Amino acid sequence: MSSRRWRACPECDWVTALPVLKAGESAHCPRCERELVYRHDAPAQRILAYAGSGLFMLLLTLPFSFLAFSMTGINQEIVLFDAAQAMFSNDWPILALLIALTIVILPGLFLVAVLYLYAAIAMRTSLPGTLFLARMLSGLKPWLMTDVFLLGVLISIGKLTGMAHVEIGWSFVAFCFYVLFLVKTVSLVDADWLWFALLHEPMPPENARTGATATSQGLTGCPTCGLLNKNSEKACRRCQASIVAPSSFRLQATWALIIAATILYVPANLYPMMTTVTIGGTIYSTILGGVLQLIESESYVIATIIFTASFIVPIAKILALSYLCWLAAHPQPMATKRRMRLYRMTEVIGRWSMIDVFVVAITVALMQAGLILSIYPGAAAAAFAAVVIITMIASMTFDSRLLWTAVGTTEQGADTSGTIEQENYGR
Ligand SMILES: [Zn+2]
Ligand SMILES: [Zn+2]
């Protein structure tokens, strides 16, 4: 038994002994090529710098003017929270909460948790609540949507410049830096380093071997910290997260979520996303209707982005997940790497569909109850937001390890030299 750090690939379940890594090096799964670990250089110091700057910029985005617009003598100025406030005052409290959570509250919580945790690690002291926060961090990552919101703001500005004069405020400038620092912090926070720094690495279970799946040995990789555990243990020996062995129950849950998203996709397309009331009358624009209006006004780039994010991506994601679920129930011993690429794609692209919901929120906030025209959010915005969230949860519940159950155990060489102590875990 080597004293190396062992991992079961979270996507294909293959057990590997990690090599000793230097800063800037990464280890990949020999079977499905998923990156298992990337060793950052002096992560604690850099994360503290980025997270601190990000939190400072977040505080700066709140009080000042975010966007201002003027049209035929009417001036309107909004702060960041007005995007949520506009939804709230139009009787969509759920959408208001969604915007406040994904843009300000969860990212703020993430940055504070990161500062607290990494400060404790850098000072080599133990502070209360660190294990809970460390478990929470990886779960929060997909729900931080500031980058998607920023693209939504840029699209809203692009849409409105045709009919009004739009100016960006100081708060918007701070917001851009906030997004930049947050994205950098998220990319640097990695569970492998974090848990090693907090609780070091316990030895792998006895009789575990590399070059086979964990399931075939009665083992499971911890979804939170990566440690290899026996299935008989209910919680991870290191981080105390619950251990989930591959099961058909999760496949049923994914199917149920796909069906729910498909049903909601119908009202999301039939009802209006936005209602525009002018002196000349009322215009209801659905997702596709909005795209056609953009094409008529020759905003081809914006039309393409909205059409892709709101129409193609959700359908493609529902189809891809259905196909993967079907494959998981009928495993075939071939071309699984390509399927893994499909699966990874469904995980990455889904959140970008939220763009149109953010565009509606910003447009409504800017053009609320104007004298010449008013814009209101439609029922489709809520249905569509639900589709995006449900498909995101569906790809999280999908257990890609099931795709590999029929794939043979072609022997992959595992280098087992070196020990845990030799690794450079610089702070
Ligand atoms: Zn793998
Ligand atoms: Zn764990």
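The values are calculated or read from the model by the stated rules, or taken from the named source; none is laboratory data. Everything numeric in this text was worked out from a predicted model, so none of it was measured. All Cβ positions, even for glycine, are placed from backbone atoms using ideal geometry, and neighbour counts span all protein chains on display.
Within the option set 276, 363, 308, being outside any helix (DSSP H, G or I) and either touching a Lys or Arg at 6+ places or on another chain (Cβ under 8 Å) or within 29 Å of residue 84 (Cβ to Cβ) (or both) holds for one residue only, 276. Restricting the range 201-231 to residues that are in contact (Cβ under 8 Å) with a residue 24 or more places away in the chain and at positive phi leaves a set whose member that is surrounded by the fewest Cβ atoms within 10 Å (Cβ to Cβ) is 211. Only strands (runs of 3 or more DSSP E) whose full extent lies in the range 4-52 are considered here, and the ones with at least 2 residues that are over 23 Å from the mean Cα position of the chain (by Cα) and away from ligand 2 (no atom under 16 Å from the Cβ) are 15-17. Answer yes or no as to whether residue 149 is of a type in the set (Phe, Trp, Tyr), modelled with pLDDT of 95 or more and buried (at least 17 other Cβ atoms within 10 Å of the Cβ). Yes; evaluated as a whole, the condition is true for this residue. Considering the range 172-191, and only residues there that are surrounded by fewer than 21 Cβ atoms within 10 Å (Cβ to Cβ) and of a type outside the set (A, V, I, L, M, F, W, C), the residue that is nearest to residue 242 (Cα to Cα) turns out to be 190. For the residues 262, 346, the requirement of being assigned to a helix (DSSP H, G or I), under 25 Å from residue 28 (Cβ atoms), out of contact with any strand residue (DSSP E or B) (no Cβ under 8 Å at 6 or more places or on another chain) and of a type in the set (Ser, Thr, Tyr) singles out 346. Looking at (1) within 16 Å of ligand 2 (Cβ to nearest atom); (2) among the polar types (S, T, N, Q); (3) in a helix (DSSP H, G or I), which one does residue 240 not meet, given that it meets all the others? Going through the list (1) within 16 Å of ligand 2 (Cβ to nearest atom); (2) among the polar types (S, T, N, Q); (3) in a helix (DSSP H, G or I), residue 240 breaks only (3). Among residues that are free of Cβ contacts under 8 Å to residues at least 40 places away in the same chain and closer than 30 Å to residue 380 by Cα, residue 80 is not included. Return yes or no: is residue 250 charged (D, E, K, R), away from ligand 2 (no atom under 14 Å from the Cβ), under 27 Å from the mean Cα position of the chain (by Cα) and surrounded by fewer than 19 Cβ atoms within 10 Å (Cβ to Cβ)? Yes, satisfied. For first residues located in the range 237-251 and at pLDDT 80 or above and more than 16 Å from ligand 1 (Cβ to nearest atom), partners that are basic (Lys, Arg) and not in a loop (DSSP other than H, G, I, E, B) and lie 6+ apart or on another chain with Cβ distances below 7 Å form the pairs 239/135; 241/135.
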